[in-house]
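The values are calculated or read from the model by the stated rules, or taken from the named source; none is laboratory data. Every value quoted in this text rests on a predicted model; they were computed, and no experiment measured them. Note that we place each Cβ from the backbone using ideal geometry, even for glycine, and neighbour counts take in every protein chain shown. For accessibility, only protein heavy atoms count, side chains too; no ligands or nucleic acids. Shrake-Rupley method; radii C 1.70, N 1.55, O 1.52, S 1.80 Å.
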Amino acid sequence: MTLNPAPNSFRTGPDERGRFGIFGGRFVAETLMPLILDLEKAYADAKADPSFKADMESYGTHYIGRPSPLYYAERLTEHLRAQTPAGQGAKIFFKREELNHTGSHKVNNVLGQILLARRMGKPRIIAETGAGQHGVATATLCARFGLKCVVYMGAVDVERQAPNVFRMKMLGAEVIPVQSGTRTLKDAMNEALRDWVTNVSDTFYCIGTVAGPHPYPAMVRDFQSVIGIETKQQMLEMEGRLPDSLIACIGGGSNAMGLFHPFLDDRDVEIYGVEAAGHGVQSGLHAASLTGGRPGVLHGNRTYLLMNEDGQIADAHSISAGLDYPGIGPEHAWLHEMGRVTYLSATDAETLEAFKLCSMLEGIIPALEPAHALSKVMELAPTKPADHLMVLNLSGRGDKDIPQVAQIFGQTL
Ligand SMILES: *Cc1c(COP(=O)(O)O)cnc(C)c1O
């Protein structure tokens with residue numbers, strides 16, 4: 001169903017209606033439209049203002065801890081090479097977003113949106129969260145800038161992610177458990193959209209991934225693109241050339257878009273996105289919207305979604321709460337149809353193996369989300385020649401996952 005002509009550039013989207021080919025757009029209630037247009041204009045103004053960029057860089061450096069290192073994962077590289085014929089086995093690098101303040105890439109985007117909310121004079125920030133990483137990042141920046149923060153979180157997730165709920169409260173945020181639907185992330189996002197329409201004048205909605213109505217997918221991508229921009233520069237400094245491949249996990253798709261976007265027109269660079277296959281795509285218990293879903297409309301944009309036969313949004317399943325979203329950012333849907341990015345999926349079991357290996361070999365306990373991508377690195381790297389440079393986006397650290405993994409491994413804390 002490729003309806004889109006092949007573009008001269010993969011980096012020009014979205015168009016003025018917010019579309020990436022047939023994906024994206026803004027399918028919102030009329031009452032929300034003025035807010036969206038306001039935001040679009042404010043973001044365009046900010047983008048053109050050097051003082052906004054200067055603030056992003058200054059807080060990025062001194063508060064978040066940027067740039068994050070590009071790190072040669074030597075022992076993982078050697079370990080995988082030992083299992084392949086001589087001359088085979090890619091050289092593996094980690095882009096270390098887990099070292100950011102609050103422990104993941106989420107904060108890059110939140111910083112941008114909070115600085116934008118300040119410019120717009122909005123004193124009240126709302127956000128949705130699943131695992132709680134975006135909620136924590138938002139609560140953190142709100143504390144830093146003295147803004148009121150309200151986080152919507154599915155009641156099921158509030159129970160599953162108690163430490164992050166506590167962190168948000170410590171930081172001064174109000175956490176509202178959402179009781180509707182499946183009481184998870186998609187319901188939290190519905191509730192946040194509802195709040196936004198009813199609190200038009202003073203509220204800014206800080207979305208946590210490259211989803212939602214235009215301009216969010218493009219705006220969040222822009223704020224996360226610092227990951228790819230730094231990676232390009234760092235690889236040129238370390239190896240004197242661009243990487244041969246990039247790989248990142250995908251929930252909504254923001255850490256992946258951030259790494260990928262600056263490289264989309266470097267056509268020799270292979271790009272891989274990894275969705276969560278849960279118990280396996282055939283089992284029905286997964287979160288692989290591209291691999292196992294079809295196009296539809298959710299949360300204000302057209303994209304690939306998990307649906308049942310009647311077109312109702314189906315439950316996502318993943319070992320990793322951060323990938324447990326039944327949709328995917330519209331730009332990924334488009335890149336999938338264009339064939340520019342290859343989308344794979346990793347099961348819970350493969351992910352746990354990668355989680356263990358990374359901890360033991362590199363002394364880095366990764367979050368379960370990037371462990372999905374790492375499990376595909378373990379498959380792909382041995383198929384590449386030894387001079388192949390492969391970059392994994394290590395989107396977050398695993399501290400938040402320790403109680404869950406301990407339980408799976410049958411250990412008590
Ligand atoms: C939230 C999260 C993800 C998934 O979100 P994307 O928008 O797909 O990046 C991945 N990794 C970590 C560590 C997260 O916290």
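Of Asp324, Asp315, Asp399, all but one fail to be open to solvent by 30 Å² or more (accessible area, probe 1.4 Å), under 24 Å from Gly135 (Cα atoms) and within 13 Å of the ligand (Cβ to nearest atom); the exception is Asp399.
Within 16 Å of the ligand (Cβ to nearest atom) and either polar (S, T, N, Q) or not assigned by TED's automatic domain parsing to the domain that holds Tyr216 (or both), is that true of Pro330? For Pro330, the condition - within 16 Å of the ligand (Cβ to nearest atom) and either polar (S, T, N, Q) or not assigned by TED's automatic domain parsing to the domain that holds Tyr216 (or both) - is met. When Ala354, Ala381, Ala349, Ala386 are checked against the criterion of being without any contact (Cβ under 8 Å) to a residue 60 or more places away in the chain, more than 16 Å from the ligand (Cβ to nearest atom) and either out of contact with any Phe, Trp or Tyr (no Cβ under 8 Å at 6 or more places or on another chain) or open to solvent by 30 Å² or more (accessible area, probe 1.4 Å) (or both), a single residue qualifies: Ala349.
Here the condition is being touching a residue at least 60 places away in the same chain (Cβ under 8 Å) and within 19 Å of Met390 (Cβ to Cβ); of Gly273, Gly253, Gly280, Gly240, it holds for Gly273 alone.
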